[in-house]
Amino acid sequence: MNSSSDPSSKADLEGDGVYLSIPIFSYTELGQATNNFDSEKELGDGGFGTVYYGKLKDGREVAVKRLYEHNYKRVKQFMNEIEILTRLHHKNLVCLYGCSSRRSRELLLVYEYIPNGTVADHLHGDQAKSSPLTWPIRMSIAIETASALAYLHASDIIHRDVKTTNILVDNNFSVKVADFGLSRLFPKDVTHVSTVPQGTPGYVDPEYHQSYQLTDKSDVYSFGVVLIELISSMPAVDITRHRHEINLSNLAISKIQKCAFDELIDSRLGYNSDEEVKRMTTSVAELAFQCLQQDKEIRPSMENVLQQLKIIQGGESMENLSNLAISKIQKCAVEELIDSRLGYNSDEGVKRTTTSVAELAFQCLQQDKETRLSMENVLQQLKTIQGGESLENLEEVHDDNKRSKNTLPPPSPPYCEEAGLLKNIRLPPSPVSVTAKWASSISTTPNESV
């Protein structure tokens, strides 16, 4: 990391009036833009600062974040957010216009102004009562947020504070994910970063809280809570609920395990009157359930979550991924099915084995049980693939495969219990507070504190 990210650096950020390619605004200019930080201009506040509406001399409307303190820790967060946002470009991430100097009397960040508040405002605030979000809008919000987070993870960045108050929406309800003060740039070729858990109660990954090991799956857990908020309209934490259901994640897991979707999904969305809404909200609940698993290894990646949401929106339930796979394999579009990160386009060995596994899966998914392989046969085929032969090189299997490809199995029945194995797992509760005492699964002190 370069020296400019170090709060103790002697470099004067006001030198050229530019830092990391963004303009440096004077305190006076931003004071004028916000009417001297008038309380009536406040848009919101959080753990690190207050955000004000402002208007620059050139007419641009902006949101100015004013950090609460000017100390070493705040300077570090201030510069961390600048460094991360200046390297990112995605339509669903908030745009940083500029900042004050770190030597200014106050630390100020200047963002594009997003006029329609946060997703939390529309789910739990006054706006939720007068005009609740329709299901299509909620589904779009889920997909756009997942797209932004998948982009962050592909850029080796973990947001670390995913929640509905950090998801802004414009007048068309297009998403802008905001607040990167806690975000982390993930080093290459590491599985996790050891750091003191930070985040917002109700959204914090319990495994991260226990082990002090931050991974991209921590964001996946938090996004699972967001998905439950979108289908239920309930807040992530509510102390008026039963003590075992104060955290929405615990409430949701209990309801989904009992298949009591009608007790979880907001009835105003049309769950009981619209079969399509029922299918989609139930599928999103199942997907959220996977995101909320205690074991991070069981949770899907954000890229996988994004693809599942698109499938659900496109008319298939999450369980009918099999139909998508069958379609791609029949069209010989295996590259559209296999995760590119596995090396499909760059490693011939990976391409051969993943293609062969896809062909084997195709045989397992046949509607006619008589054409499916036995598990012993599947085991032998997998060993053969691993040993260096493609499935197509096995003459008998290849002939059977060509015959079976001509018949498209009908769709799987809706709401089938393919997630049943997961549903039987009893999970420990998430921490109600970030500072709650948990038995740590590690014996050493974290090697990095943030």
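Numerical summary
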read-out: 5 Å binning of all Cα-Cα separations within the stretch 244-389, expressed as whole percents from 0 upward; value: 2, 8, 13, 15, 17, 15, 12, 9, 6, 3, 0
read-out: Per-selection Rg to Rh, the stretch 244-302 - Cα, Kirkwood hydrodynamic radius; value: 1.00
read-out: Inter-probe distance in nm under a simple model that places probes 7 Å from Cα toward Cβ, at T240 and D339; value: 4.2
read-out: For the stretch 119-317, alpha-carbon Rg over 2.2 N^0.38 Å; value: 0.97
read-out: Cα gyration tensor category, rounded, prolate or oblate, for the stretch 101-185 with a/c compared to 1.5; value: oblate
read-out: Separation between Cα centres of the stretch 130-184 and the stretch 213-252, rounded to whole Å; value: 15
read-out: Local electrostatic count, G270, Cβ distance below 13 Å [Lys/Arg +1, Asp/Glu -1]; value: -1
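No value in this document is a laboratory result; all are computed from the given coordinates. Keep in mind it's a predicted model, so treat the numbers as computed, not measured. Backbone-built Cβ (ideal geometry, glycine too); neighbour counts: all protein chains shown.
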